[in-house]
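Every number here is computed from the coordinates shown, using simple stated rules; none is lab data. Since this is a predicted model, take the numbers as computed values, not measurements. When we count neighbours, we look across all protein chains shown, and the Cβ atoms used for this are built from the backbone with ideal geometry, even at glycine.
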Amino acid sequence: MDKKKKKNYPLFKARMYIQACWTLITNSYASGFINGTIYQGNVKSICVPGLNCYSCPGAWGACPMGSLQNAFAGRVSGFPFYVVGTLITIGALCGRIVCGFLCPFGWIQDLFFKIPPKKKVRRLPGEKYLRKLRYVVLVVMCIILPLFAKGDIGVGSPWFCKWICPSGTMIGGLPLIALNENLRSVLGWLFTWKMFVLVVILVGSVLMFRPFCRYLCPLGAIYGLMNPVSLVRIKVSKSRCTSCGACQRACGLDIPVYKEPNSDDCIRCGKCITVCPHSALKMDASLRGRRKRRSAAREEA
Amino acid sequence: MRKRSIYTLVLLAVGLAFIVIGAVKGEANAVLQKAIMICMECIGLG
Ligand code: SF4
Ligand code: SF4
Ligand code: SF4
């Protein structure tokens with residue numbers, strides 16, 4: 001096992017801690033939790049990378065998906081450069097590493113996945129097609145409907161936030177409603193619906209790895225599209241890989257990573273890298289070409 | 001440098017340029033204005 005690969009391991013082994021720390025740090029506005037309000041300072045003009053509701057009482061930043069829908073819904077005139085630019089920059093740098101390490105709702109699903117039973121569902125019938133649903137959610141609920149279904153005053157709504165987003169219900173809705181009596185007094189059927197969606201997703205997360213991320217999340221869809229071209233990618237050493245499939249068996253998303261190291265489904269959790277018995281996989285952030293790397297290796301030797 | 005790395009750099013440049021254009025257009029403020037109000041849709045009230 002070479003040194004470079006070994007260096008990668010502590011990062012993956014500490015993934016849960018990194019997720020926890022990131023979630024706590026980016027949602028640590030204590031006054032919001034004490035008073036049942038949200039942070040209103042200038043830092044909130046910056047989008048965080050993950051699906052982190054800006055209506056969480058502790059949130060310091062803005063949710064990129066909510067911001068994107070609101071831009072299309074008419075809050076921004078013309079093309080929403082700022083939010084799209086943020087998504088492209090984050091995606092080009094690290095792709096779905098955000099999903100593996102920096103998303104509160106990804107972490108919540110991982111915690112629920114730890115609950116027994118130990119035997120989990122690996123795939124659903126029609127899995128291949130179900131995984132494309134997140135692109136439908138992205139295009140229809142986050143772009144087309146906010147853009148074209150406008151109300152009387154010419155402003156649309158964030159359809160994904162309103163009808164689906166479990167992150168909004170869990171880290172925004174539940175704490176605010178628990179802490180704020182005014183909000184509690186106006187609860188209605190929409191809240192019941194959103195709670196139903198949340199419960200289905202959380203129960204699903206006990207039975208299967210990351211059901212929301214694999215089937216529904218539009219933010220994961222955007223970052224997944226950039227997995228093949230992001231700066232940080234998984235590389236497979238053809239000389240070491242024996243196609244034993246240990247990586248695929250260890251992968252919660254059942255990805256044949258030795259064949260498709262940059263699949264749009266991969267959340268970059270690194271599990272496959274840590275289990276490969278031949279050290280054939282590694283996470284790499286190099287921009288150098290293969291030829292240059294080989295000559296560098298020769299020079300080192 | 002491989003073709004793929006060039007795509008990465010182009011994407012990064014486009015992303016950063018978009019952020020600057022958006023900020024100059026005042027879009028960061030539009031994000032802020034939405035983010036500092038409790039979002040009724042997000043929490044399931046409206
Ligand atoms: S409801 Fe979901 S998509 Fe909307 S702002 Fe909150 S976290 Fe983001
Ligand atoms: S797919 Fe969505 S919810 Fe899942 S980790 Fe990625 S951004 Fe978060
Ligand atoms: S392919 Fe590897 S890094 Fe990607 S989700 Fe599966 S185990 Fe995690």
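With a cut-off of 11 Å between beta carbons, the residues surrounding A:Gly100 carry a summed charge of +4, where Lys and Arg count +1 and Asp and Glu -1. Using the alpha-carbon positions of segment A:130-211, Rg (one decimal) and Dmax (whole number) come out as 14.7, 44 Å.
Taking other Cβ atoms within 10 Å as a rough exposure proxy, A:Met226, A:Met170 sort from fewest to most as A:Met170, A:Met226.
Mean sequence separation of contacting Cα pairs (under 8 Å, at least six apart), scaled by the length of segment A:21-101, corresponds to a relative contact order of 25 percent. For segment A:164-196, applying the loop criterion from DSSP together with a ceiling of 11 other beta carbons within 10 Å to the chymotrypsin sites (Phe, Trp or Tyr not before Pro) yields no site. Shape analysis of segment A:79-137 yields a ratio of the Cα radius of gyration to the Kirkwood radius, Rg/Rh, of 1.08.
Name the residue from A:Gly100, A:Ser157, B:Gly44 whose Cα lies farthest towards the positive end of the charge dipole of the protein assembly as shown, charges +1 on Cβ of Lys and Arg and -1 on Cβ of Asp and Glu. About the Cα centre, the residue reaching furthest to the positive side is A:Gly100.
Dipole magnitude for chain A: about 1760 debye, using +1 per Lys or Arg Cβ and -1 per Asp or Glu Cβ, origin at the Cα centre.
Normalising the average separation of contacting C-alpha pairs (under 8 angstrom, six or more residues apart) by the number of residues puts the relative contact order of chain A at 22 percent.
By the beta-carbon count within 10 Å of each Cβ, the least crowded to most crowded order of A:Leu231, A:Leu51, fewest first, is A:Leu231, A:Leu51. Taken over segment B:2-42, the alpha-carbon convex hull comes to 80 cubic angstrom per residue.
If a/c stays under 1.5 just call it rounded; otherwise compare a/b with b/c (prolate if a/b is bigger, oblate if not). Do that for segment A:28-132, with a ≥ b ≥ c from the square roots of the Cα gyration tensor eigenvalues. Because a/c hits 1.5 or more and a/b fails to exceed b/c, segment A:28-132 counts as oblate.
Shown in residue order for segment A:24-29 are the 3J(HN,Hα) couplings computed by the Karplus curve 6.51 cos²θ - 1.76 cosθ + 1.60 at θ = phi - 60°: 5, 5, 7, 10, 10, 6 Hz (x for Gly and Pro). Scanning residues 5 or more positions from A:Ala62 or on other chains, those with amide H under 5 Å from its amide H are A:Ile46, A:Cys47, A:Val48, with H placed 1.01 Å from N in the peptide plane. More than 13 Å apart: what percent of Cα pairs in segment A:239-282 qualify? So the pairs more than 13 Å apart make up 42 percent of the total in segment A:239-282.
All other residues whose Cβ lies under 12 angstrom from that of A:Val236 are scored, Lys and Arg at +1 and Asp and Glu at -1, for a net of +4.
From the largest down, chain A spans 68, 46, 39 angstrom on the principal axes of its Cα atoms.
With 25 Å as the limit, the listed pairs A:Lys13/A:Lys132; A:Lys13/A:Lys120; A:Lys118/A:Lys271; A:Lys162/B:Lys25; A:Lys13/A:Lys44 have A:Lys13/A:Lys132; A:Lys162/B:Lys25; A:Lys13/A:Lys44 beyond it between alpha carbons. The Rg/Rh ratio for segment A:96-169, using Cα coordinates for both the radius of gyration and the Kirkwood hydrodynamic radius, is 1.08.
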